[in-house]
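Structure first, then comments.
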Amino acid sequence: MGRLKNIGLVPKLIVAIILGILIGTYMPAWFTRIFVTFSKIFGSFLSFIIPLMILAFVTKGIADLGEGAGKLLGITVLIAYCSTLVAGSLSYVMASNIFPKFITSAQVDAITASEGSGLEAYFTVPITPFFDVTSALIFAFMMGIAISWLRKNNKGEVLYNAVSEFNLIIVRVLEVAIVPILPFFILGNFADMAHSGTVFAVLSIFWRIFLCIVILHLLYVTLMFIISGSYTGKNPFAMIKNEVKGYMTAVGTQSSAATIPVNLQCAANNGVSREIADFVVPLGATVHMPGSMITITGCVFTILYMYNLPHSFGLMLSLIATLGVAMVAAPGAPGGAVMSALPFLPIVGISPESAMASLLISLYLTQDSFGTAANISGDVAIAAAVDKFYNRKILGNKDWTPAPVVENPR
């Protein structure tokens, strides 16, 4: 038992994925539904805890920053939004130049035929969050900046201590009730997908689109770390190595917000100061969506091209710019980004109730985990750069030097 506890999170996630596929493929439905039921219940708990997690980390993160908190919020959101726009634009360039070479309209029927075959849980436990992600984020901004202002005027210590203790409570919940159970949650998700065959049916036809999008995810994340490493004077490839744990966690959970506790450790291993990491990583999990944007742009282009609809860059850019804001509410739920995108699909001529929208959802969900992993990996690259910018430019500490990357962290 002691040896099992010493196994790292990444090996546990890999084992969970493999077991999930084996169970979903070879075991009877009644047995697989046990794991699906657990995943559904745990997913409800995640949905409940995620707004509290954002409230705890972002509020305390902004309050700890003190001077320059408002400026740091502005620069972080601006970088995240610009990154999302660039990612979507690069996805369009890739899709428009590569996808037409192997897309055929005959593939539509084969994809839609595999929809709706997932297993139902034996029972569910509805756990309604106190507020949604967007409300939590706005309230955290308001409280964090207000507490920072109060402390600057020698007030607000009682409120700050309450926020700090609430932060400790959430950290403890993550350590005891979230991170150790993530592999079982992932096992149930993969067992359901393997049993239904939906993912494999889509991949058997769209594996080249899938491969192109995932490669672009990896290239974009690498580019972000190269830029961040060049700016901070750190080895970008050592930083990428430290981010593997966070990447793998996101692949399994399909949730940027659920990966926050693991990603905070990745940021610490990459030398990001705790106060900046506690602010930028949860914020990035909510507003920085380059991986999801790459996936959605590629999938939307695929649908438009298959149905011979207009797909110019100008048209797609208007959708990308809109979703850069609309997807702020997406983190926390697998497939949240594409569901947030549905109301805005008429911009490119797709009705949210149409078969095209259903096909888009199927295409997106097969790649959602990799898009999420790209999202959260980019958050750490941004955090490292923001750490230096905040201390050097906003605080004016010219002698400040970034902490080194931790080689081979435990």
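Derivation of every value follows stated rules applied to the coordinates shown; laboratory data play no part. Predicted model only: the values in this text are computed from it and were never measured. No Cβ is skipped: glycine too gets one built from the backbone with ideal geometry, and neighbour counts run over all protein chains shown.
Counting only Cα atoms, the range 159-256 measures 55, 39, 21 Å along its principal axes, largest extent leading. Across the range 172-186, rounded Karplus estimates of 3J(HN,Hα) from the backbone phi angles (6.51 cos²θ - 1.76 cosθ + 1.60, θ = phi - 60°) give 5, 4, 5, 5, 9, 10, 10, 4, x, 9, 3, x, 6, 4, 5 Hz, Gly and Pro being marked x. The PHE130 and LYS155 beta-carbon pair, evaluated with R₀ = 30 Å, returns a calculated FRET efficiency of approximately 0.65. Working ranking of peptides 95-102, 291-298, 368-375 by packing, defined as the average number of other Cβ atoms within 10 Å per residue, highest first, is 291-298, 368-375, 95-102. Applying the Karplus relation 6.51 cos²θ - 1.76 cosθ + 1.60 with θ = phi - 60° to the range 151-161 yields 3J(HN,Hα) values of 5, 5, 9, 6, 9, x, 5, 5, 5, 5, 5 Hz, where x marks Gly and Pro.
Checking the cross-link pairs LYS60/LYS398; LYS12/LYS388; LYS245/LYS398 against a 29 Å limit on the alpha carbon distance flags LYS12/LYS388; LYS245/LYS398 as lying beyond it.
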